[in-house]
1. Go through I300, I308, I272 for me and flag whichever is open to solvent by 90 Å² or more (accessible area, probe 1.4 Å) and touching a Leu at 6+ places or on another chain (Cβ under 9 Å).
2. Regarding segment 241-253, can at least one residue be identified that is of a type in the set (G, A, S) and assigned to a strand (DSSP E or B)?
3. Only one of these is within 17 Å of the chain's Cα centre (by Cα) and open to solvent by less than 10 Å² (accessible area, probe 1.4 Å): L241, L284, L260. Name it.
4. Residues being closer than 17 Å to G142 by Cβ, out of contact with any Phe, Trp or Tyr (no Cβ under 6 Å at 6 or more places or on another chain) and open to solvent by less than 50 Å² (accessible area, probe 1.4 Å): count how many of those fall in segment 317-328.
5. Filter segment 115-140 down to residues that are open to solvent by 30 Å² or more (accessible area, probe 1.4 Å), in a loop (DSSP other than H, G, I, E, B) and modelled with pLDDT of 80 or more and give me whichever is nearest to C198 (Cα to Cα).
6. In segment 9-33, which residues are open to solvent by less than 70 Å² (accessible area, probe 1.4 Å) and either free of Cβ contacts under 8 Å to residues at least 60 places away in the same chain or among the β-branched types (V, I, T) (or both)?
7. Could you check, for segment 225-237, whether at least one of its residues is part of a loop (DSSP other than H, G, I, E, B) and either in contact with a Phe, Trp or Tyr (Cβ under 6 Å, 6 or more places away or on another chain) or polar (S, T, N, Q) (or both)?
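The values are calculated or read from the model by the stated rules, or taken from the named source; none is laboratory data. All values derive from a computational prediction rather than experimental measurement. Note that we place each Cβ from the backbone using ideal geometry, even for glycine, and neighbour counts take in every protein chain shown. The protein model used for the area step is the full one, side chains on, heavy atoms only, and it has no ligands, DNA or RNA in it. Shrake-Rupley method; radii C 1.70, N 1.55, O 1.52, S 1.80 Å.
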Amino acid sequence: MAKRDYYEVLGVAKNASADEIKKAYRKKAIEFHPDKNPGDATAEEKFKEAAEAYDVLSDPQKRQRYDQFGHAGVGGASQGGFGGGMSMDDIFSQFGDIFGGHFGGFGGFSGFGGSSRGGRRVNRGSDLRVKVKLTLKEIATGVEKKIKVKKFVACKHCNGSGAEDANSTKTCDTCHGSGVVTRVTNTFLGQMQTQSTCPTCNGEGKLITKKCQHCSGEGVVKDEDVISINIPAGVAEGMQLSMGGKGNAARHGGINGDLLILVEEERHPELIRDENDLLYNLLLSFPQAALGGTVEVPTIEGKAKLKIEPGTQPGKVLRLRNKGLPSINSYGTGDLLVNVSVYIPETLSSSDKELLKKLESSPNIQPNTSIKDKIFNKFRSMFD
């Protein structure tokens with residue numbers, strides 16, 4: 001099923017400010033929170049959908065890519081994007097600050113469950129960035145690329161926990177497993193309650209008593225991984241795609257980072273890209289331009305025959321429709337624009353010169369008044 005527009009999901013305009021987006025997400029999260037809608041699968045999906053929309057629109061770089069390229073610019077479902085790769089706990093941990101600490105219990109909002117999810121900190125792995133070079137043909141059709149990357153992966157011995165075995169961890173005595181400590185202070189306005197990350201366990205809610213020998217208690221080790229990347233058709237130079245959860249693994253079994261793919265275009269030997277159109281400079285001889293005929297021009301798929309009308313003038317642009325590149329947002333396909341140039345030889349043999357002198361005397365070879373005026377007006381317009 002196609003993803004809904006993120007602005008539509010949050011109910012904000014495309015020019016909404018960061019504060020308006022945050023307020024809209026907070027409203028949606030409260031409306032569809034699982035504690036408020038127990039057992040309601042539809043509400044849970046809308047809760048995740050709102051979190052996915054906020055993840056993109058609250059990040060200036062992700063929002064810019066989304067505005068320019070749509071869902072394909074931020075990974076989308078096919079790329080293992082945010083919504084498909086994160087659990088409910090991941091969402092709570094990443095966006096808990098919006099509700100002032102204890103996300104699970106709405107940070108003091110009553111009536112929607114307690115703090116059953118706690119405020120434990122969930123580590124997040126760092127993002128990986130790779131460059132992928134694509135030919136125009138690959139851009140035209142879309143392509144699957146397999147790349148080998150060196151990155152941190154979860155330790156297989158301890159399953160990413162960092163502990164030697166199941167008995168090598170204990171609940172933090174300071175925060176009693178919640179990951180946060182609460183302080184109550186007396187002020188002239190009355191008692192004020194504040195929460196902060198537990199300094200003993202750094203917000204994880206537990207302590208390792210015996211570290212894993214294979215990863216030294218980190219829960220991650222350096223390794224190589226082969227990743228398949230599905231590049232959609234119509235991408236452009238400098239565009240950045242993302243694959244959720246394909247970056248570095250996090251310490252102690254947290255959330256994996258993302259894989260960011262920077263698109264680079266290989267230069268085509270004959271075609272030049274202009275957004276979704278392709279440009280080709282066709283060089284004709286004087287007889288070809290004067291007499292007309294059929295020539296072959298390069299396209300992404302191969303060669304195509306192009307009819308040259310007799311008397312074709314230099315600078316004329318011939319259009320081959322739908323021979324360009326597809327739009328990444330499915331708004332159609334560009335054209336192949338063929339710019340006509342006429343070759344004037346720099347050196348001539350004696351017989352060639354005699355032949356051209358005979359042609360020069362023909363009235364049909366001389367430019368008429370309308371042609372002269374057309375050239376003059378075009379030249380004058382350059383200086384107006």
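1. One residue alone meets the criteria, I272.
2. At the first step, the residues of segment 241-253 found to be of a type in the set (G, A, S) are 242, 244-245, 247, 249-250, 253.
If we keep only those that are assigned to a strand (DSSP E or B) as well, we get 242.
The answer is yes, given that some residue of segment 241-253 is of a type in the set (G, A, S) and assigned to a strand (DSSP E or B).
3. Testing whether each residue is within 17 Å of the chain's Cα centre (by Cα) and open to solvent by less than 10 Å² (accessible area, probe 1.4 Å) leaves just L241.
4. Keep residues of segment 317-328 that are closer than 17 Å to G142 by Cβ, which gives 322, 324-328.
Of the ones still in play, those that are also out of contact with any Phe, Trp or Tyr (no Cβ under 6 Å at 6 or more places or on another chain) are 322, 324-327.
Checking the rest, the ones that are also open to solvent by less than 50 Å² (accessible area, probe 1.4 Å) come to 324-327.
Residues flagged as closer than 17 Å to G142 by Cβ, out of contact with any Phe, Trp or Tyr (no Cβ under 6 Å at 6 or more places or on another chain) and open to solvent by less than 50 Å² (accessible area, probe 1.4 Å) within segment 317-328 amount to 4.
5. Among residues in segment 115-140 that are open to solvent by 30 Å² or more (accessible area, probe 1.4 Å), in a loop (DSSP other than H, G, I, E, B) and modelled with pLDDT of 80 or more, the one nearest to C198 (Cα to Cα) is S126.
6. Residues satisfying the conditions are V9, L10, G11, V12, A13, A16, S17, I21, A24, K28, I30, F32.
7. Step one: filter segment 225-237 for residues part of a loop (DSSP other than H, G, I, E, B), giving 232-237.
Subsequent filtering for residues that are either in contact with a Phe, Trp or Tyr (Cβ under 6 Å, 6 or more places away or on another chain) or polar (S, T, N, Q) (or both) retains none.
Taking every residue of segment 225-237 in turn, none turns out to be part of a loop (DSSP other than H, G, I, E, B) and either in contact with a Phe, Trp or Tyr (Cβ under 6 Å, 6 or more places away or on another chain) or polar (S, T, N, Q) (or both).
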